[in-house]
Structures are given as structure tokens and as C-alpha cells.
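The values are calculated or read from the model by the stated rules, or taken from the named source; none is laboratory data. Note that the structure is predicted; figures quoted are calculated from it, not measured. Here the Cβ is made from the backbone with ideal geometry for all residues, glycine too, and neighbour counts use every protein chain on show.
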Amino acid sequence: VAAGMSPRPLEGARAGLPHSCYGVHILWQETPIAMGRIVGDGAINFDIVDVAVDPAHQGKGLGRLVMEKLIAWLDANAFDGAYVTLVADVPALYAKFGFESVRP
């Protein structure tokens, strides 16, 4: 929530997080300060979600590091031709990884 994410019910997080394809978090003094995860079918459809960095730690490259880890996992696990989508609050960050803005 501190990073601008909408609050989620704890029960929903507990039920949903184990179904992530992959997730990464960065700790500082044992406190999570950055995170991101991938959800999808595990083969050809993926969504990058919940990429967030605590405002007190923004501007230090942590969002980029989270994205690098997520993209590395996709490179190793997604089939050729897989669809990878995300909803971006910081389009400039995602453009560095080849994502383009599209509209339905």
C-alpha cells in the first residue's frame, strides 16, 4: 500500500500468492521494500503484476532489478511466442524492457 498499490484482503493474498508462477522480493533490514510477480498459465500466457517499490527506496534501481529478475525467469521458462502483458503505472520503466503501450 505504501508503494501506491491498492489494498488487498489478507485472505485473498494468502490464497492467491501460492499460485504465482514466479515472484521476487527485495529485503532491507528484513523488511520487504520491493517486489514483483508473474501470474499465468505457466507456458504461453503471463502477466507481470504487483511490481512495487517502497517510496523511501525509490530511485535506487530496485524496480529495474525486480524487472530484470522477472524477465530472466520468463526467458528461461516461457515458450517461444508467449504473450506477456502488464498494466504499467511507470511506463518508462517497462519501456526499457521492450514493453509498448497498447490499447484495446
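Could you tell me whether region 62-74 includes any residue that is assigned to a loop (DSSP other than H, G, I, E, B) and either out of contact with any Asp or Glu (no Cβ under 8 Å at 6 or more places or on another chain) or surrounded by fewer than 19 Cβ atoms within 10 Å (Cβ to Cβ) (or both)?
Checked region 62-74: no residue is assigned to a loop (DSSP other than H, G, I, E, B) and either out of contact with any Asp or Glu (no Cβ under 8 Å at 6 or more places or on another chain) or surrounded by fewer than 19 Cβ atoms within 10 Å (Cβ to Cβ) (or both).
Given the criteria part of a helix (DSSP H, G or I), modelled with pLDDT of 85 or more and surrounded by 14 or more Cβ atoms within 10 Å (Cβ to Cβ), does Val84 qualify?
The answer is no for Val84.
When residues of region 21-61 are filtered for being buried (at least 20 other Cβ atoms within 10 Å of the Cβ) and among the aromatic types (Phe, Trp, Tyr), how many remain?
Counting residues in region 21-61 that are buried (at least 20 other Cβ atoms within 10 Å of the Cβ) and among the aromatic types (Phe, Trp, Tyr) gives 1.
Would you tally the residues in region 21-61 being part of a strand (DSSP E or B), touching a Cys at 6+ places or on another chain (Cβ under 7 Å) and of a type outside the set (A, V, I, L, M)?
Qualifying residue count for the region: 2.
What are the pairs with Cβ atoms under 6 angstrom where one residue, in region 83-94, is within 23 Å of Ile44 (Cα to Cα) and the other, located anywhere, is assigned to a loop (DSSP other than H, G, I, E, B) and of a type in the set (A, V, I, L, M)? Sequence gap at least six, or different chains.
From region 83-94, the pairs are Tyr94/Ala88.
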